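These notes concern the structure reproduced below.
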Amino acid sequence: MTDAEFNEKLLTFFKALADEQRLKIVGLLAQREYGVEELAETLGLGVSTTSHHLARLSKAGLVSARAEGHYFRYRLQTETLKEMSAQLTHEEMLPQLSNSVGDDLFERKVMTAFTDSEGRIKAFPEKEKKLLVLLNYVLQAFEPGKRYSERELNEILKRYNADTAFLRRSLVEYKLMGREGGGGEYWRL
């Protein structure tokens, strides 16, 4: 799991728990299974509000449902809690959360300096590290696994800068895109 994926998982997890009613639901489900109506009545909430809270908890992997007749019974996924607890208390994990801070700041500075308000590249930096930030930004416009003719590639690259030849060569040179011999087709690597 990449740092970005782990950060997203943590955000989803903590956002799901950052609500008093959802914490109460977790507490109730830690005792036994409940149906939506039972939870709503116990908490004094509407069924739709309770369903919304259960959906948020489910998205975070904290709650699962099983069908029982025409209704669903919800239960707490204690394994998710144990897994997150183990990951967070691992002595190397928390410091890793800050690994990308410097990179994010650098990327934002490069993007601010070299792109306009519409996201077009105003100029190309001389430093390779800054150029790679811009090339990775452009690369996001291409779908992995899809092949593009040179004409299609240039149409997309034009959205970023008029110098499509430079962008095209740079994407290939830095091995961000592959190219068929002779330049017939291009694809994201």
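The values are calculated or read from the model by the stated rules, or taken from the named source; none is laboratory data. The model shown is predicted, which means the values in this text are computed figures rather than measured ones. All Cβ positions, glycine included, derive from the backbone under ideal geometry; neighbour counts span all protein chains shown.
Structural remarks
- Just one residue in the set GLN31, GLN77, GLN21 is among the polar types (S, T, N, Q) and either in contact with a helix residue (DSSP H, G or I) (Cβ under 6 Å, 6 or more places away or on another chain) or not assigned by TED's automatic domain parsing to the domain that holds LYS9 (or both); that residue is GLN21.
Here is a yes/no grid of residues against (1) in a loop (DSSP other than H, G, I, E, B); (2) in contact with a Phe, Trp or Tyr (Cβ under 7 Å, 6 or more places away or on another chain); (3) outside the structural domain of GLU8 (by TED's automatic domain parsing); (4) at pLDDT below 90:
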| residue | (1), (2), (3), (4) |
| --- | --- |
| LYS82 | no, no, no, no |
| GLN87 | no, no, no, yes |
| PHE106 | no, no, yes, yes |
| ALA113 | no, no, yes, no |
| LEU132 | no, yes, yes, no |
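- Checking each residue in the range 129-148 for being exposed (fewer than 13 other Cβ atoms within 10 Å of the Cβ) and out of contact with any helix residue (DSSP H, G or I) (no Cβ under 9 Å at 6 or more places or on another chain) picks out GLN140, GLU143, PRO144, GLY145, LYS146.
- Residue ranges of helices (runs of 4 or more DSSP H) in the range 1-59 with at least 1 members under 14 Å from PHE72 (Cβ atoms) and either charged (D, E, K, R) or in contact with an Asp or Glu (Cβ under 7 Å, 6 or more places away or on another chain) (or both): 36-43, 47-59
- Within the set GLY178, GLY119, the sole residue that is at pLDDT below 95, in contact with a strand residue (DSSP E or B) (Cβ under 8 Å, 6 or more places away or on another chain) and not in a helix (DSSP H, G or I) turns out to be GLY178.
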